[in-house]
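Participant: Once you've had a glance at the structure underneath, I'll fire off some questions.
The values are calculated or read from the model by the stated rules, or taken from the named source; none is laboratory data. These figures come from a predicted structure and were not determined experimentally. Note that each Cβ is placed from the backbone with ideal geometry, even for glycine, and that neighbours are counted across all protein chains shown. Areas reflect the complete protein model, heavy atoms only, side chains present, ligands, DNA and RNA absent. Shrake-Rupley method; radii C 1.70, N 1.55, O 1.52, S 1.80 Å.
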Amino acid sequence: MTQKRIVIAGGGRVGRRAANLLDDRGHDVVVIEEDPEQVGLLEEEHVATIISGDATRPTILEQAGLARTDVLAALTQETGSNLAICMAARQLQPDLYTVMRTEYDVGDEYDEMVNDVVFTEGAGARAAVNLIERDVQTLDSVTGDLDILQIQVVEDAPVAGRTLEEITLPRGSLVVSGAAGDHVARPDTRLEVGKTYIVAVESDVAHEVVNLFQG
Amino acid sequence: MSQREPAAELGLLDATMIGMGAMIGAGIFVLTGLAAEISGPAAILVFVLNGVVTAFTGLCYAELAASIPKSGGGYAFVREIFDDLSSFVMGWMLWFAYMIAGALYALGFAPNFLEFLHVYGFVPAPGQVGAVTFGVLPVAIPAKVALAFAAVLLLVSVNAVSTAASGSIETIFTAIKVTILLVFVAFGFLSAGGGGETSFTFQNFDPLFPEGDGAFSILPAMGLTFIAFEGYDLITTVTEEVENPRENIPKAIFVSLAVTVLVYMLVVTVAIGTLGAPGLADAGEAGIAAAATSFMPPIPVIGNGGAIIVFGAIFSTITALNAVVIASSRVAFAMGREEQLPSRVGNIHHRYGTPFVAILASAVVMLLSVGLPTKSAGNMSSLFFLLSFVIVNGAVIKLRRERPNMNRPYKIPYYPVPPIMGILLNLVLTGVLVEYLLRTDPLALVLSVAWILLGVVFYFAYFRETGSAERGGQKTADTGPDSTTDAAGGND
């Protein structure tokens with residue numbers, strides 16, 4: 001796998017956070033955002049090319065360079081706008097993979113129109129519950145700046161078929177579990193093609209780790 | 001599973017020094033003599049005017065680098081807006097420009113290194129050093145080529161197994177180079193009025209232009225020395241490592257360019273004022289070193305004061321070589337990541353963490369091209385930088401037209417004048433250089449055309465084999481988890 005080009009419509013809190021995470025993993029990110037204040041914040045972070053404008057307008061949308069884009073994620077606050085953005089993008093670029101954010105848990109209602117739906121408020125609520133009811137926590141929100149990645153080794157990747165002893169990971173990263181997930185990784189654990197591993201990474205080395213596992 | 005340090009962040013000073021480090025070193029030490037040979041004392045104008053020409057392209061780089069946060073130099077910007085074939089050709093040319101620059105710096109290193117040994121009496125004068133003969137091999141390799149080959153091999157190996165040679169260490173290197181050049185300038189001016197044969201005098205600038213050719217003789221010299229100003233592209237190959245890049249990258253580009261032009265003016269003035277243009281031309285790649293040896297006073301311990309400058313030349317060419325080894329591998333790495341070269345080129349090494357394959361691929365071309373004459377290497381490298389920069393200027397115009405709403409934290413003043421001037425002036429120099437090569441160096445021209453043809457053939461063969469240049473294959477594959485309603489997310 002090489003780097004992906006990802007267009008994020010909506011550079012508010014969710015969109016900006018997503019852009020940062022994707023940039024950390026070494027992808028090429030474009031953000032479309034209308035509000036000058038939000039554009040200023042994005043500009044400071046310098047993680048994405050920014051198109052300033054209303055993403056529901058096709059003339060703005062096509063400036064993101066959809067022809068080479070792998071995934072479009074519509075992450076504004078409004079379900080309606082997000083749907084419109086995904087449909088307009090599909091119209092401009094039929095084979096585009098689209099992800100839309102919704103305000104409510106919508107189930108499979110939009111499956112015909114978009115590839116994936118994400119209910120970010122649900123994730124936020126779950127994170128809050130994790131802090132309130134501390135005994136049982138879901139994995140994705142127990143960590144601060146540390147990311148726990150579930151990552152698959154692809155063919156031809158630099159680490160494919162090698163043992164942990166043979167490779168060097170950047171400081172700030174750790175392979176936690178072996179392929180089957182039933183034992184903690186050991187020096188002789190082999191990173192096999194097609195198998196998935198749990199890796200803990202600090203955000204500034206995420207792109208190196210993703211490159212090593214996915215090429 | 002051992003661990004290694006991740007790359008450090010670069011500040012404004014580091015970014016500026018990266019740009020200056022790549023420019024100062026090769027251009028000034030290696031090419032001053034050759035420029036004096038073509039255009040006489042007007043070599044001083046050559047460096048000033050090249051600074052002006054290149055400033056237009058520098059403005060374009062500043063706008064692009066501030067808006068597009070991608071490492072990969074000019075290639076990354078061109079890739080953003082041009083189609084697959086155009087951006088491939090651009091990357092292919094820029095990659096070659098850096099590799100040939102590597103050969104040029106290695107070839108500049110060798111005679112200066114021999115001069116250094118000569119100062120201390122280890123070997124005869126550079127011109128009289130014979131060929132290196134190997135007992136087992138029936139061929140004799142000139143000492144210069146053997147040394148250049150060894151230098152490339154050393155730096156490629158270092159960069160292939162360690163990321164330590166890149167980044168902020170460049171700051172220290174560049175500071176040393178500039179200091180040594182300032183010492184040279186100071187002693188050069190102090191020698192004025194000393195009455196010696198090579199004391200500084202403005203009489204050496206009269207007549208300014210060589211007889212017969214007139215003012216136009218500076219054009220081919222400008223083409224040859226254009227490579228001495230490619231540092232801003234190097235700054236943009238490390239964009240992602242620079243802190244506060246939207247402000248620091250444009251600043252680093254302008255500051256490094258301004259300081260470099262100033263340093264060049266001073267150094268060339270002193271070199272011509274002391275040694276005279278003919279003497280400088282005779283010394284060729286070791287021109288500055290020869291000038292220094294002629295006027296530097298003896299210094300305790302070191303002996304001949306000129307040795308400092310010769311050391312500066314060795315140090316500068318070797319660090320510039322280091323910089324272009326890194327730069328060429330970054331361009332190839334970026335092309336691999338974009339699937340415009342086999343994707344293995346875009347992988348980092350499983351143990352060393354370096355763009356290993358990209359470095360090795362670059363090394364092959366560099367090692368092969370140290371067999372070229374220095375002048376041919378300089379000409380070819382300049383030619384490819386000129387052509388690449390034409391396309392980068394074009395990318396600014398194309399992006400402004402097709403993506404008017406793209407956020408531009410730095411905007412070129414008086415748009416569209418700078419990119420248009422950049423395109424025109426770079427094309428004029430390209431034309432002059434090609435015409436000059438037709439007359440004097442057809443080999444360089446043939447090799448240049450051959451490289452572009454090789455690229456085009458590779459492009460069509462490679463993309464026919466892999467199916468298509470599009471990433472369609474991946475889109476249908478199950479990337480991402482299936483319909484993850486309220487999946488992973490932060491505490492937003």
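Participant: At 7 Å along the Cα-to-beta-carbon direction for both A:VAL154 and B:ARG401, put a label point, then send me their distance in nm to one decimal.
Facilitator: 3.5
Participant: Using only the Cα atoms of region B:248-319, construct the convex hull and provide its projected area averaged over every direction, in square nanometres to one decimal.
Facilitator: Mean shadow area of the hull around the Cα atoms is 6.0 nm².
Participant: Further question on the same structure: Taking the DSSP beta bridges in the protein assembly as shown as the whole, what percent of them are antiparallel, to the nearest 5?
Facilitator: About 45 percent, rounded to the nearest 5.
Participant: In degrees between 0 and 90, to the nearest 10, how far off the longest principal axis of chain A does helix A:120-132 point, with axes built from Cα atoms?
Facilitator: Taking Cα atoms only, the helix is inclined about 50 degrees.
Participant: Sticking with this structure for a sec: A:MET113 to A:THR59: FRET efficiency via 1/(1 + (r/R0)^6), r the Cβ-Cβ distance, R0 25 Å, to the nearest 0.05?
Facilitator: Result of the calculation: an efficiency of 0.70.
Participant: So, one more: Hey, with R₀ at 35 Å, roughly what FRET efficiency would A:VAL176 and B:ILE176 work out to, going by the Cβ-Cβ distance, to 0.05?
Facilitator: Step by step, r from the Cβ atoms, then E = 0.20.
Participant: Could I ask something else about it? Going down the list B:LYS70/B:LYS411; A:LYS195/B:LYS70; B:LYS375/B:LYS411; B:LYS375/B:LYS398; B:LYS70/B:LYS251; A:LYS4/B:LYS398, which pairs span over 28 Å between their C-alpha atoms?
Facilitator: A:LYS195/B:LYS70; B:LYS375/B:LYS411; B:LYS375/B:LYS398
Participant: Same structure again: Taking every pair of alpha-carbon atoms in the protein assembly as shown, give the share separated by more than 39 Å as a whole percent.
Facilitator: The calculated P(r) of the protein assembly as shown puts 38 percent of pairs beyond 39 Å.
Participant: Taking H placed 1.01 Å from N in the peptide plane, check which residues at least 5 places from A:GLU103 or on another chain put their amide H under 5 Å from its amide H.
Facilitator: Residues meeting the criterion, in which the H sits 1.01 Å from N, are A:THR79.
Participant: I would also like to ask the following. Taking 0.36 nm per intervening residue step and subtracting the Cα-Cα distance, what contour gain separates A:ASP35 from A:GLN91 on full extension?
Facilitator: 17.7 nm
Participant: By how many degrees, 0 to 90 and rounded to 10, does the Cα axis of helix A:13-24 deviate from the longest principal axis of chain A?
Facilitator: 40
Participant: Now for a different question. May I ask for the percentage of alpha-carbon pairs in region B:268-370 that lie more than 18 Å from each other?
Facilitator: 62
Participant: Still on this structure, I have one more. Any chance you could give the angle, 0 to 90 degrees and rounded to 10, that helix A:79-92 forms with the longest Cα principal axis of chain A?
Facilitator: So the inclination is approximately 90 degrees.
Participant: Can you list residues from other chains, or at least 5 along the same chain, whose modelled amide H is less than 5 Å from the amide H of A:THR168?
Facilitator: When sequence neighbours closer than 5 places are left aside, the close amide H contacts are B:ARG351.
Participant: I would also like to ask the following. Ignoring ligands, DNA and RNA, how much accessible area is buried between chains B and A, both sides summed, with a 1.4 Å probe, to the nearest 100 Å²?
Facilitator: 5400
Participant: Over region A:5-126, what is the percentage of antiparallel beta bridges among all DSSP beta bridges, to the nearest 5?
Facilitator: Rounded to the nearest five, the antiparallel share is 0 percent.
Participant: In whole angstrom, and with the biggest value first, how far do the Cα coordinates of region A:143-214 range along each principal axis?
Facilitator: Its Cα atoms span 30, 25, 19 Å along the three principal axes.
Participant: Counting each pair of different Cα atoms once, what's the Kirkwood radius of chain A in Å, rounded to one decimal?
Facilitator: About 18.7 Å for chain A.
Participant: Could you check the spin-label model distance between A:ALA67 and B:VAL428? Points 7 Å from the Cα along Cα→Cβ, value in nm.
Facilitator: It is 3.3 nm.
Participant: Once amide H atoms are placed 1.01 Å from N in the peptide plane, what residues at a sequence separation of 5 or more from B:LEU341, or on another chain, have their amide H within under 5 Å of its amide H?
Facilitator: Amide H to amide H, under 5 Å and 5 or more residues apart or across chains, B:LEU341 pairs with B:GLY336.
Participant: For B:GLN203 and B:LEU154, compute 0.36 nm times the residue count separating them, minus their Cα-Cα distance, and round to one decimal in nm.
Facilitator: Full-extension gain reported as 13.3 nm.
Participant: Using a 7 Å offset from the Cα along the Cα-to-Cβ direction at both B:SER162 and B:LYS251, what is the distance between the two label points in nm, to one decimal?
Facilitator: Those two pseudo-labels are separated by 3.1 nm.
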